[in-house]
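The values are calculated or read from the model by the stated rules, or taken from the named source; none is laboratory data. Keep in mind that this is a model prediction, so the values were computed, not measured. FYI the Cβ positions are ideal-geometry reconstructions off the backbone, even for glycines, and counts take in every protein chain you see.
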Amino acid sequence: MIEVQALTRRYGFFTAVDHLSFNVTAGEVLGFLGPNGAGKSTSMKMLTGFLAPSSGTAIINGHDIRSERIAVQRLIGYLPEGAPLYGEMTVTQMLKFAGQIRGMNGAECQRAVDQAIERLNLQKVRHQPTDTLSKGFKRRVGLALAILHNPKVLVMDEPTDGLDPNQKHEVRNLIQEMAADRTIIVSTHILEEVEAVCSRAIIIAGGKLVADDTPAGLIRRSRFHNAVSLSVAEDSGLDARQVASILSELPEAANVEVNGVEVTVFPDGDVDLLSAVNNKRDEHHWQVKSMRLEAGRMDEVFRQITLGSGQAAPTGASQQNNNKQEAA
Ligand SMILES: Nc1ncnc2c1ncn2[C@@H]1O[C@H](COP(=O)(O)OP(=O)(O)OP(=O)(O)O)[C@@H](O)[C@H]1O
Ligand SMILES: [Mg+2]
């Protein structure tokens, strides 16, 4: 459905998007991830015909974004970053205007507007000028505009940014519901969202593609994948460091870290670490407050992949590392 071919955008001497290539098949929900300034919005603007590429191109359902821009824009629904609106128009006027631009006739347009208003829960504000709406409602109008013509391809730039938790949930459901017969590209900084709604994710950093995988595949790259984390009750007479020291003797353990009251044991290859830790617990009669086998941590994978390509370290990363002390 979408073939991105060495898509590149330069601003003067600065290359914001650098030979980006990937494909998206029909029915996929592709998560578009990357640190601030990675080039996500710039790529989306090119894919939707709002910005001309400096070189390279993309083919959307057989149409080249460079030579057939209008054909591409007909079949795409686009929620731009910040969801710009005409402030003096009411929600209904804004949606009707968009419907008319898309060539819908009176009855068809009214039906599409009513349906979009219902899907995004905009009934209460439908007669309010968009300038007077709260940030989350503006975003919802932006989403209503994007889905108005029932597009085959949906490109959404941070659709849940600024929404309250209930609306975040609603929008995720909407994405999943729409995914059945559409192709969706969605950028986000919320990593749980990727796990919740995306069938695949690409990560870009410094304008370049640095990962292309399923959410499960990305999580498996985490050093926490198949690690065991546990905390022992205070009245066990042991502190976390003592527990860590005992667990570090396990042949199945590569290393052990202590983070506050929690001990994390990392596996040495493909071993049954959980059983080994359980045996130690029984042997020493530890009162365990919590214990879990870790699937992996998406935020850690994101940091590892994006910092590896020369991006500045987010402050949270170093703090977290400082809190962890090597026990073994
Ligand atoms: N019109 C412009 N002129 C010059 N530089 C620009 C322009 N638009 C974007 N850039 C630069 O291109 C780079 C990529 O910006 P872009 O908005 O695509 O990033 P992003 O991945 O969407 O980031 P964020 O997560 O913050 O939304 C940034 O360094 C940005 O400053
Ligand atoms: Mg952006």
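Summary table below
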read-out	value
Filtered residues of the stretch 157-190 (kept if within 16 Å of ligand 2 (Cβ to nearest atom) and surrounded by fewer than 21 Cβ atoms within 10 Å (Cβ to Cβ))	161, 162, 189, 190
Residue within the stretch 51-63 that is within 16 Å of ligand 2 (Cβ to nearest atom), at pLDDT 95 or above, in the same structural domain as residue 183 (by TED's automatic domain parsing) and over 18 Å from the mean Cα position of the chain (by Cα) present	yes
Selected residue (only one of 26, 6 is assigned to a loop (DSSP other than H, G, I, E, B), more than 16 Å from ligand 2 (Cβ to nearest atom) and among the small types (Gly, Ala, Ser))	26
Count of residues meeting criterion [hydrophobic (A, V, I, L, M, F, W, C), over 17 Å from residue 205 (Cα atoms) and within 15 Å of ligand 1 (Cβ to nearest atom)] in the stretch 1-28	1
First in the stretch 34-51 and under 21 Å from residue 69 (Cα atoms) and in contact (Cβ under 8 Å) with a residue 12 or more places away in the chain, second anywhere and surrounded by fewer than 23 Cβ atoms within 10 Å (Cβ to Cβ) and small (Gly, Ala, Ser), Cβ under 6 Å, 6 or more apart	39/16; 42/16
Filter result (charged (D, E, K, R) and either in the same structural domain as residue 195 (by TED's automatic domain parsing) or touching a Phe, Trp or Tyr at 6+ places or on another chain (Cβ under 8 Å) (or both)) within the stretch 238-279	257
Which numbered condition residue 282 fails, given (1) farther than 25 Å from residue 192 by Cβ; (2) touching a strand residue (DSSP E or B) at 6+ places or on another chain (Cβ under 7 Å)	(2)
Residue selected from the stretch 29-50 under the condition within 12 Å of ligand 1 (Cβ to nearest atom) and part of a strand (DSSP E or B), by the criterion surrounded by the fewest Cβ atoms within 10 Å (Cβ to Cβ)	32
Residue within the stretch 186-196 that is within 14 Å of residue 40 (Cβ to Cβ), at pLDDT 95 or above and part of a strand (DSSP E or B) present	yes
Subset tally (residues that are closer than 13 Å to residue 28 by Cβ and more than 16 Å from ligand 1 (Cβ to nearest atom)) for the stretch 183-212	7
Residue pairs meeting the criteria (Cβ under 6 Å; at least 6 apart or on separate chains; first more than 23 Å from residue 116 (Cβ to Cβ), in the stretch 178-199; second assigned to a loop (DSSP other than H, G, I, E, B) and modelled with pLDDT of 90 or more)	199/28
Selection within the stretch 215-250 - among the hydroxyl-bearing types (Ser, Thr, Tyr) and within 36 Å of the chain's Cα centre (by Cα)	222, 229, 231, 248
Lone qualifier among 42, 57, 15, 90 - being touching a Pro at 6+ places or on another chain (Cβ under 8 Å) and at negative phi	90
Any hit, the stretch 106-128, residues being within 16 Å of ligand 1 (Cβ to nearest atom), closer than 17 Å to residue 145 by Cβ, modelled with pLDDT under 95 and not aliphatic (A, V, I, L, M)	no
Failed criterion for residue 142 (all others in (1) crowded, with 18+ Cβ neighbours inside 10 Å; (2) assigned to a helix (DSSP H, G or I); (3) touching a helix residue (DSSP H, G or I) at 6+ places or on another chain (Cβ under 7 Å) hold)	(3)
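Conditions tested, residue by residue: (1) touching a strand residue (DSSP E or B) at 6+ places or on another chain (Cβ under 7 Å); (2) without any contact (Cβ under 8 Å) to a residue 40 or more places away in the chain; (3) assigned by TED's automatic domain parsing to the domain that holds residue 304; (4) among the aliphatic types (A, V, I, L, M).
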site: 201; (1), (2), (3), (4): yes, no, no, yes
site: 207; (1), (2), (3), (4): yes, no, no, no
site: 221; (1), (2), (3), (4): no, no, no, no
site: 233; (1), (2), (3), (4): yes, no, yes, yes
site: 236; (1), (2), (3), (4): no, no, yes, no
